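We did not get these values from a lab; they are worked out from the coordinates using the rules stated. Only a predicted model underlies this, so the values are computations on that prediction, with no experimental measurement involved. When we count neighbours, we look across all protein chains shown, and the Cβ atoms used for this are built from the backbone with ideal geometry, even at glycine.
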Amino acid sequence: MAEKSNNESKEQELVGLLAQFDDPETLVHACNEARAAGYTKMDAYSPFPVHGIDPAIGIKRSILPFIVLSVALGAVVLGLGIQLYANGQDTFWPFPGYKFLISGKPIFSIPANIPVTFEIIVLSSAFATFFGMWILNKLPRFSNPLHRVSRFKRVTNDKFFLMLETADEKFSRSVSEGQLNDWGAVAIDEVNQDLTDTELPKWLATVGILGAIMLMLPPAAIFSQWGMTNRLPRLHVVPDMDWQHKSKTQTMAANLSNELDGVSLMYEDLRSARRPVDGAIAFGSLDIDSELSYGIKSDFAYTITSGGNALTRAEDTDKADKKEEKEEKDGDAVAPAEEDNLEKYVTTLPEGFQLTEEILDRGQQRFEIYCAACHGYAGAGNGLVNQRAMSLAATGAATWTSARSLHEADVKDDAKNPVGRIYDTITNGRGNMGPYKAQIPVQDRWAIVAYVKALQETGIQSDVPVAADDDAEENQEQNQEADEKQEL
Amino acid sequence: MHETRPAKITSPIVSLSDGYARTIPVALIVAAVGIVLSFILLQGPERFLYSYLANFAFLLSICLGCLFFVIIMHLTRAGWSVTLRRIAELYAMCTPYMAILFLPILVTTLTGSSYLYPWVDGGWSIHGGGDALASASVDQLPPLEQLKASFLNPTFFAARWVVYFTFWGVAAAFFLFTSLRQDKEGGIKLTHRMQAISAPALIAFAASIVFASFDLEMSLDPFWFSTMYPVYFFAGGVLSALATITLTALWLQRTGRVTDEITIEHYHDMGKLMFGFIVFWGYIAFSQFLLIWYANIPEETFWYDIRINKVGWKTLSYILLIGHLFIPFLAMMGRTVRRSKTFLSVATVYLLIMHWIDHFWLVMPHYANAPGGHLREGVVTTSFFYFLGDVACTVGMIAAFIAIFCLVARSRPLVPLQDPRLGECLNHEVH
Amino acid sequence: MTTVDPQSLDNTYDDASQRTPLVLGGLDYEGVTDTACGFWEADSAPKIWWILLGLAISLLMLLGGLIQHLLFAGVGVWGNNNPAYWGWPIVNFVFWVGIGHAGTLISAILFLFRQNWRTSINRAAEAMTIFAVVCAGTFPGIHIGRVWVFYWLFPIPTEHLAMWPNFRSPLLWDVFAVSTYATVSLLFWYMGMVPDIATFRDRTKSKIGKIIYGLLSLGWTGSARNWHRYEIAYTLLAALATPLVLSVHTIVSFDFAVSQVPGWHTTIFPPYFVAGAIFSGFAMVVTLLVPARELFGLQKLITLRHLENMNKIIMATGLMVGTAYGIEFFIAWYSGVPWEAFAFWNRAFGNYWWAYWIMVSCNVMIPQLFWFKWCRTTPWFMVIVCIFVNIGMWFERFVITITSLCRDFVPSSWAYFTPTWVDLGMLIGSFGLFFTLFLLFCRFMPVIAMAEVKGIMPRDDH
């Protein structure tokens, strides 16, 4: 006889009859009989998949493999797409990709992109298989009237069950029970659906909302700080990382020694990077033609220093300033600073420089741009800047060394001031005059040198043209310039 | 539930019967004509030998794959494949006869002509083979040909091949004849013996495959080397062996020589195995390619360079990739296709064609890109006669192979008659 | 036919006329359930379990403490330095990932090959996979230096980084491979456990147990319609996991093989590494299961034949590894590349010769003992051999990584790598992590795949 389930609720509905069998063969036999008898809404239950059940119950092959296949094909596109996006382009807004240039491999290189694509295919397919199967099986299903049948606990151990559902047309309470007994059932139970427990408990909603709010708090706290500034000092969680035991360039050297030694710093001059040795040349500035680039004869090219950095130049300038101050104090006029060796300078225009009339005009133009402000348009030392500075110096509001007139004897003297030295003056500065190396390219500097020599040759000291006989003056100028060219 | 079949062969004795006696002479004539015609059309030994080698390698890989099938089925105590095993044993037994087919290659090498293998005479590395000369950058080292001469010389080569064929012959003979003996005697003792021998046989087989693949194909360009090469040869060989066994079984069933001893379940399993080895082959081929491509070392990449960046070869490489990997992968994935005899007939032929292309692709580029500076004419499509010559050679070699198979199979039973696991095999069901 | 004593526990005989029984002692379905659940159902675990757990947890704490030290002090606490930038962390990573592969092989590949004997061992082996992958994943996780920005490894758009991972790098392939492997193994393991957790749900006597196992078993009823889809999904996951397990260790081998370093750049690395992984993994499974079957009384389910079959696979994969050694060695000479030849000469006779010979003796020579039947069917002996195999496989990764780095192209950068106490401590500690998880698993989760074992038991008309 069928036993009622151990459910004490009043409202129940019969869902089916559950028959227990003791071995899989009887179960399969019963399933075949049931299908022959016309039942379609039924299910068998077993501790392991029983071979032969599928056709016996009439289970059609699942579509799961096709779902997985389509997901896999999509994953091919996804995998290649992610990599194309992330490494193959860098223009997509707002998150452009990043094109790595590595060992000459093509930016989007299919062979190298296969492994990740493959893994994405496998991962996507595995998810599709796993979740697809549970979804198709309509699991998880925690509420199942079958679980209320106490005998049913043996289904995961060693017993086999067949349930005929009331929803089936052929089902009839007494007939079905009789059939199940005929087919070898050891015991038969009623399966009743409890109709009362279908509402969710009320406290679930409250807990759910509270829980959701609690979960939102941490990200809200984090994002509220996004884009804000904070005056508090940083927290240093990993001190070894924030204060690393090493010296960074262009900062003071770290204290790397053991305090017990008493030696407090690595280098006395506090620098963490050493200065380049003399003769070190900045990358890209190796000039083989010392005559053209430095105005120095090739024999003396070894004397060319790196030009130094700002510190070096500052020191040189400091030294020069100190010397000049000393000389000023001594009352002597500031003479051209003593050179170690005037012989190193070239005395003629270098081969890399071709002097033509156009170039001379250019030299004039450049001179008027860069030099005339202090030295005056005719090189007479009467530039407006100089005049102003001198007037300020006279009142004591500034210190100023006058810009020299280019027509002075020792500036014109080829022995004391060869053209190479003029070039050097423009390049590296002299005294108060700063270096124009950065502003004026090499060719232009030589053009200015040529123009300066032209001015010196003509002896014109006024930039205001003389009134009478302009043509004669101009012709004389031109002739002298032509001579100048030949001389130089 | 299905009825349980009795564990014995119920049909009348299954064999090639007299068919083999008629086939052999025809096949031999076709073989001779094909090979001679090919020699003429390809204008001499130099080009002919490459075509010959490609076909020989293709056929040898099938025989060796079948030998592997036999060994592994014994080693794993497999029951489902019993009725298919005899076909594999017969193909494996073709290996010693392949030694006869190997003679042209062996004789060429022993007589000192470097038509095929450039290392036969010296001077292949001094002229440099493209950009692959490793010793050029290290002045003190002797040229490569000297370094490798202790291995790559005709005498040692011949000795090795004697060893290979001896071992393969002995192993194949052991498994075939023990199995044939079991047809008469029955019992389990012989099965246990074959199982016991299968383990050391597999080890020796692995060693032989390693060096045979080096000797046969990798040394065509003695500059190049790849530790993966034996695995590549093996993967392709087993795949085509499975295809051959399946195709043969289908043909035997279609012509009535085998009836219900081989069921659709067996074909399903063979289909699964073929699918597995398609994936395995693709994995091995891709790994070898990726590693060489990624490191970009010229002494290794040139081998792929001549196969990918030259116009004709590029197309063939893509055909190989798509046709040997992607298409069979998608095609053999499904359950339905694995259980359709028609489909399997087409698929196995297709796979064999693809495997042939694989060996063609492995061997032929070295004709035009031989080290030592021999610049030869193009390979297939430069002239119609060359194409015909290749076809003739292929047809001839396959005919020779069929002749050998018929000779081996004679009137021997095509399924094991008294294997103790017959019951399991005949009742085999794939879920 | 061999006549078998039904109470005998030795099923290692060879008899071609019948399939040896895989469930011994005359157990029926209920017997299988009772035997498999025995340890779990015990009111209290035996003392030895507590002692082992305590030991494991202390090693785990060692690992945790060392990781904390590493995070705060930096990667310099390891021995990694010029030129051996890859030191023990990578070796440990490859070691643990390799061990993990056996579980998937048993679950997936042996399933596809219809090897029914896998059913007694696959659950424990899969669990071992998960835990081994957890151990493996800690090493790359902590070695990246700034562990708190680990998410930069993934293709997530972050404005402050404005950069993406380099998909062409094998190290990034590793990230995807190991994550995929961990995820898929977890899915496969969990899916396989659901019917057995349902058994636990129906047998447990504790209220908490009912809730937890009830939730985890998703309401499983053993419905035939469910089993149908379940089996299809199982086959699909097995078919996916097979290429996955090959690909994961292949990608790990790519870390080395795509480089140009002599000794690393050789095309056979992918299958060689995979074979080595299966080799070490099976050795670990045997090492775990032999004591486990004694401790939990599972001798009738995990029989001597199961152990013997595993030992045969250990032999086979060990020989594959040995073959690969031979091929590498030969090609190193054949290639004519002097650096390659030197790399291999150096391994055997250079300053790390001792590591090389440990590797060869443990990987190639010692497993040959399994040719002898007594060796491969005696539980205590096979554990010894398998421990040596694992030692040998650790040394293989050590030899590959360190010798090639310490003797590369430029002699001015040659050095002798020494590990630090942190390196050693983390290796030992990782075993603590592994065993803690495994011991907990044995106590609270189904150790044997009961449903699968019942499925392969002979039925009357089969």
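Using a/c under 1.5 as the rounded threshold, could you call the range C:1-86 rounded, prolate or oblate? The axes a ≥ b ≥ c are square roots of the C-alpha gyration tensor eigenvalues, and prolate needs a/b larger than b/c, oblate otherwise.
Oblate, because a/c is 1.5 or more while a/b does not exceed b/c.
How do B:F165, C:F431 rank when sorted from fewest to most other Cβ atoms within 10 Å of their own Cβ?
Ranked by crowding around the Cβ, least crowded first: C:F431, B:F165.
Amide H of C:G219: which non-local residues (sequence gap of 5 or more, or other chain) have their own amide H closer than 5 Å, using H built in the peptide plane?
Those lying under 5 Å, H to H, from C:G219 are A:R141.
Could you give the length gained by full extension between A:L215 and A:I63, i.e. 0.36 nm per residue of separation minus their alpha carbon distance, to one decimal place?
The A:L215-A:I63 span can extend by a further 50.9 nm.
Could you give the length gained by full extension between A:A394 and A:L84, i.e. 0.36 nm per residue of separation minus their alpha carbon distance, to one decimal place?
Contour length minus the Cα-Cα distance gives 104.4 nm.
With label points built 7 Å along Cα→Cβ from the Cα atoms of B:S345 and B:V170, find their separation and express it in nm.
4.2 nm
Hey, got the dipole for chain B? About the Cα centre, +1 on K and R Cβ, -1 on D and E Cβ, debye to the nearest 20?
The dipole of chain B has a size of about 1360 debye.
What is the average number of partner chain Cβ atoms found within 10 Å of a Cβ in C:329-342?
For this peptide, the per-residue mean of nearby foreign Cβ atoms is 6.
Which semi-axes, in whole Å and largest first, does the equivalent ellipsoid of the range A:329-449 have when worked out from the alpha carbon gyration tensor as the square roots of 5 times its eigenvalues?
One finds semi-axes of 26, 18, 12 Å for the range A:329-449.
Please find the FRET efficiency linking C:I57 to C:E294, where r is the Cβ-Cβ separation and R0 is fixed at 22 Å, and quote it to the nearest 0.05.
Computed FRET efficiency for C:I57 and C:E294: 0.50.
Suppose the Debye formula is applied to equal point scatterers at every Cα of chain B; what is log10 I(q)/I(0) at q = 0.08, 0.13 Å⁻¹?
Taking Cα atoms of chain B as identical point scatterers yields -0.46, -1.17.
With a 10 Å radius around each residue's Cβ, average the other Cβ atoms per peptide and rank B:280-288, C:380-388, highest first.
B:280-288, C:380-388
Explain nothing, just the number: relative contact order of chain C, from Cα pairs under 8 Å at least 6 residues apart, as a whole percent.
30 percent
Please state the charge dipole magnitude for the range A:1-197, taken about the Cα centre, from unit charges on C-beta atoms (+1 on K and R, -1 on D and E), reported in debye and rounded to the nearest 20.
So the magnitude is around 860 debye.
Using the alpha-carbon centroid of each, what span in Å lies between the range B:232-276 and the range C:30-99?
47 Å
Just how large is the dipole of the protein assembly as shown about the Cα centre, in debye to the nearest 20, putting +1 at every Lys and Arg Cβ and -1 at every Asp and Glu Cβ?
The calculated dipole for the protein assembly as shown is roughly 7500 debye.
List, in order, the whole-Hz ³J(HN,Hα) value for each residue of the range C:398-415 obtained from phi through the Karplus relation with A = 6.51, B = -1.76, C = 1.60 and θ = phi - 60°; use x for Gly and Pro.
4, 4, 4, 5, 6, 5, 5, 6, 7, 9, 9, 5, 9, x, 5, 9, 7, 7
Please state the equivalent ellipsoid semi-axes for the range C:153-274: what are the square roots of 5 times the Cα gyration tensor eigenvalues, largest first, in whole Å?
Working through the eigenvalues yields semi-axes of 40, 20, 13 Å.
Taking neighbour counts of Cβ atoms within 10 Å as a proxy for exposure, in what order, fewest first, do C:I400, B:I40, A:I82 appear?
B:I40, A:I82, C:I400
As an exercise, use a Förster radius of 56 Å and the Cβ-Cβ distance of B:A199 and A:L204 to find the FRET efficiency, rounded to the nearest 0.05.
With R0 = 56 Å, the Cβ-Cβ based efficiency is 0.35.
Run the simple label-point estimate for A:A37 and C:S412 please: 7 Å along Cα→C-beta, distance reported in nm.
With each label point 7 Å from Cα toward Cβ, the separation is 9.2 nm.
Please find the FRET efficiency linking A:I281 to A:T249, where r is the Cβ-Cβ separation and R0 is fixed at 25 Å, and quote it to the nearest 0.05.
Efficiency computed from Cβ-Cβ geometry: 0.80.
Arranged from highest to lowest average of other beta-carbon atoms within 10 Å per residue, in what order do the peptides B:155-164, C:437-446, A:106-115, B:207-216 appear?
Descending packing order for the listed peptides: B:207-216, C:437-446, A:106-115, B:155-164.
For n ≥ 4 DSSP H runs only, could you compute -39500 (n - 2.57) per run for chain C, divide by its residues and tell me the 222 nm figure to the nearest 500?
-21500 deg cm²/dmol
Ignore the peptide's own chain and count Cβ atoms of other chains within 10 Å of each Cβ in C:27-36; give me the average, rounded.
Whole-number average of other-chain Cβ neighbours for C:27-36 is 3.
Can you give the translational diffusion coefficient of the protein assembly as shown in µm²/s, computed by Stokes-Einstein from the Kirkwood radius over Cα pairs at 4 °C and 1.567 mPa s?
Reported coefficient: 34 µm²/s.
Note down, for the range A:1-197, the three equivalent ellipsoid semi-axes (square root of 5 times each alpha carbon gyration tensor eigenvalue), biggest first, whole angstrom.
After scaling each eigenvalue by five and taking roots: 54, 19, 13 Å.
Taking only the alpha-carbon positions of the range C:207-332 and ignoring solvent, what does the Debye formula give for the base-10 log of I(q)/I(0) at q = 0.11, 0.20, 0.22 Å⁻¹?
Per q value, in the given order, log10 I(q)/I(0) is -0.65, -1.14, -1.18.
Give the average, rounded to an integer, of partner chain Cβ atoms located within 10 angstrom of each Cβ in A:136-145.
6
Where does the range C:29-456 land on Rg(C-alpha)/(2.2 N^0.38 Å)?
So the range C:29-456 has a normalised radius of gyration of 1.01.
Rank-order A:184-194, C:241-251 by packing density, defined as the average count of other C-beta atoms within 10 Å over each peptide's residues, highest first.
C:241-251, A:184-194
Could you give the spread of the C-alpha atoms of the range A:23-98 along their three principal axes, from largest to smallest, in whole angstroms?
Extents along the principal axes: 68, 23, 17 Å.
Multiplying the sequence separation of B:I264 and B:T315 by 0.36 nm and subtracting their Cα-Cα distance, what value in nm do you get?
14.7 nm
For the range A:174-187, just list the computed ³J(HN,Hα) in residue order, Karplus coefficients 6.51, -1.76 and 1.60, θ = phi - 60°, integers in Hz, with x standing in for Gly and Pro.
7, 5, 4, 4, x, 4, 4, 5, 4, 7, x, 5, 8, 8
To make sure I understand, if each residue's beta carbon is the centre and we count other beta carbons within 10 Å, what order do C:Y416, A:Y377 fall in, fewest to most?
Fewest-to-most ranking of C:Y416, A:Y377: C:Y416, A:Y377.
Rg(Cα) of the range B:171-252 divided by 2.2 N^0.38 Å?
That ratio works out to 1.43.
Just how far, in whole angstrom, is the range A:167-241 from the range B:354-369 if you go by their alpha carbon centroids?
61 Å
Quick query: amide H of B:R412 versus all other amide H atoms, modeled in the peptide plane; which residues come in under 5 Å with a sequence gap of 5 or more or a different chain?
Long-range HN contacts for B:R412: B:L16.
Take the alpha carbon atoms of the range C:401-462, find their center, do the same for the range A:382-447, and report the distance between the two centers in whole angstrom.
Going from one Cα centre to the other spans 79 Å.
What nm distance separates the two modelled labels at B:K8 and A:H51, each placed 7 Å from Cα along Cα→Cβ?
So the two model labels end up 2.4 nm from each other.
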